[in-house]
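What follows is a single structure, written as structure tokens, with notes after it.
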Amino acid sequence: MTLSRRNLLTATAVTSMAGAMGATAMTGEAAAAYGGPDAGVTGAFGRGPRPRVRTGFDRLAADGYALLSGRRTGVVTNPTGVTPDVRHIVDVMHADERVDLAAVFGPEHGFRGTAQAGGSEGSYEDPATGLPVHDTYGKSGRALADIFTRSGVDTVVFDIQDVGARFYTYIWTLYDCMVASVLAGKRFVVLDRPNPVTGRAASGPVLDRAQASGVGREPIALAHGMTVAELAALFNTEFVPRAAGRPADLETVLMKGWRRSDFFDATRLPWVPPSPNMPTPDTALVYAGTCLFEGTNLSEGRGTTRPFELLGADGIDRRWSAAINTLAADIGLPGVRFREAYFAPAFSKFQGKTIGGVQLHVHDRESFDPVRTGIALLITAKRTWPGFAWRPDRWIDKLTGTPRVRTMIDAGAGVEEVVAAWQEDLAGFRRTRREYLRYR
């Protein structure tokens, strides 16, 4: 059956007259259309696997791109914007006469994904399609709006795979592009993809706006537990009007068949690394906790085949793994074990030097808490290695979203004390978040 425009979209075109995004609860009919709790799931054991999740792009294409009909379109995407047979959506749309595709906008790491952390590919003509690729990394506000204006598009489409952590920059590319779309008078469409580490809950500290940066613009939890379409809805009501004067003219295309409890392998979608140091869904599973080591002088495993699963530094030995395993037994760090490890990063911190540390082995992802585990690792690293230091620019405060984590660890606080300090703010975010959840 061909999907109509009405049942394809959870869409709200917001204008200055409307003043706010009208987010409505899903009816039973809508829940079925968008892949409610049992949509596409086999009914009994032995009947075979669930059908794969259909992404926002899958559903847009199945409807004949009706949402983009008559629109001059630009796409914010990267290598993760692929179909189930791993064709890139830009290549697919460019070859389809029903789509007037005029431009591509590249985030951090670039449209084709060749740049390392903190870099981009610049602006160029894509050799595969001849389309202009505009570098948007590090740009926001009026500067980004001017790029949209010069591109000649009237509709900006966002399709990038996120990994579920506040400091992964693509959700702030989303936010910045939404703000810029208001300033430039452009329509904005978000094509949804799964949160690879589930959407069951939010955890971790909530950003203090005093720590706002490119790894966190607005006050959301460190592990937000949302999809990009859900975040877009939240941003559009809670934050975009504050930055741009009014909400964006936003429409979202949800997935079908995704459930909040799904890890990425349950989706049966291909995994394309969203960035050079996010090679597998296993990386995404630990990232919200171990990326905190970017704010220290320890290696977070960049330059190895297991980034964010390997942590270490010159001078660390078995005492760290012994300490974290002891602490894990004492306070309970379920779902993970820690192995003494030695490795030589090919680039980044300690390039070419053999260093010592730990490797995380997640054996029960259902019970694993990456943020609490990350705090435990920071505390034990500081206690067991005399060389431990925070980065002098206090990058840890940007990553955690608050100076409290750093100052409490420096004062000798334990894991439970540090985690307790953010619970009140987290409870507030969880209440706000509930209004924007679109899947069960």
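The values are calculated or read from the model by the stated rules, or taken from the named source; none is laboratory data. Given the structure is predicted, the values throughout are model-derived calculations rather than measurements. In this analysis, Cβ positions are derived from the backbone assuming ideal geometry, glycine residues included, and neighbour counts consider all displayed protein chains. Note: accessible area is taken over every heavy atom of the protein model, side chains too, but ligands, DNA and RNA are not part of it. Shrake-Rupley method; radii C 1.70, N 1.55, O 1.52, S 1.80 Å.
Given q = 0.09, 0.11, 0.13 Å⁻¹, what are the Debye log10 I(q)/I(0) values for the chain, with equal point scatterers placed on the Cα positions and solvent ignored?
Computed log10 I(q)/I(0) values: -0.57, -0.85, -1.17.
What residue among Ala322, Ala201, Val157 has its Cα farthest toward the positive end of the dipole of the chain, where the charges are +1 on Lys, Arg and -1 on Asp, Glu, each on the Cβ?
It is Ala201, whose Cα lies furthest towards the positive end.
Within straight cross-link reach of Lys186, meaning Cα distance under 19 Å, which lysines are found once same-chain residues fewer than 8 apart are removed?
Within the straight-line limit of under 19 Å, Lys186 reaches these lysines: Lys139.
Let's see if you can work this out: charge +1 on each Lys and Arg Cβ, -1 on each Asp and Glu Cβ, no other charges. What is the dipole magnitude of the stretch 357-429 about its Cα centre, in debye to the nearest 20?
Roughly 360 debye, rounded to the nearest 20.
Leaving ligands and nucleic acids out of the surface, order His134, His94 by accessible area at 1.4 Å, largest first.
Ranking His134, His94 by accessible area, largest first, yields His94, His134.
Dipole magnitude of the stretch 96-184 about its Cα centre, charges +1 at Lys/Arg Cβ and -1 at Asp/Glu Cβ only, in debye to the nearest 20?
340
For the stretch 307-367, which GluC sites (Glu not before Pro) are both in a DSSP coil and crowded by at most 16 other Cβ atoms within 10 Å?
Here the GluC sites (Glu not before Pro) that fit, given the DSSP loop and packing criteria, are Glu366.
In debye to the nearest 20, how big a dipole does the chain give about its Cα centre with +1 on each Lys and Arg Cβ and -1 on each Asp and Glu Cβ?
460
By accessible area of protein heavy atoms, probe 1.4 Å, what ranking do Asp393, Asp96 get, highest first?
Asp393, Asp96
So what is the accessible area of the chain per residue, in Å², with the probe set to 1.4 Å?
38
Starting from the Cα-Cα distance between Ala201 and Ala62, subtract it from 0.36 nm times their residue separation and give me the gain in nm to one decimal.
Going from the current span to full extension adds 46.9 nm.
Lys382: which aspartates and glutamates have alpha carbons under 20 Å from its alpha carbon, excluding same-chain residues fewer than 8 sequence positions away?
Within the straight-line cut-off, Lys382 pairs with Glu294, Glu300, Glu309, Asp314, Asp317, Asp330, Glu340, Asp393, Asp397, Asp410, Glu416, Glu417.
Compute the angle between helix 318-327 and the longest alpha-carbon principal axis of the chain, please, reported from 0 to 90 degrees and rounded to the nearest 10.
Computed tilt is about 70 degrees.
So how much accessible area does Trp390 have, in Å² to the nearest 10, using a 1.4 Å probe?
40
Ignoring ligands, DNA and RNA, please state the percent of accessible area on the chain from carbon and sulfur, probe 1.4 Å.
C and S fraction of accessible area: 50 percent.
Out of the DSSP beta bridges found with both residues in the chain, what percent are antiparallel (nearest 5)?
About 55 percent, rounded to the nearest 5.
At 1.4 Å probe size, with no ligands or nucleic acids counted, give the accessible surface of Tyr168 in Å², nearest ten.
Roll a 1.4 Å probe over it and Tyr168 shows about 10 Å².
Have a look at Gly387, Gly216, Gly225 and tell me which one the Gaussian network model of the chain (Cα, springs below 10 Å) gives the largest fluctuation.
Most flexible of the set in this elastic network: Gly387.
Over the heavy atoms of Leu269, what accessible area does a 1.4 Å probe trace out, to the nearest 10 Å²?
The accessible area comes out at roughly 30 Å².
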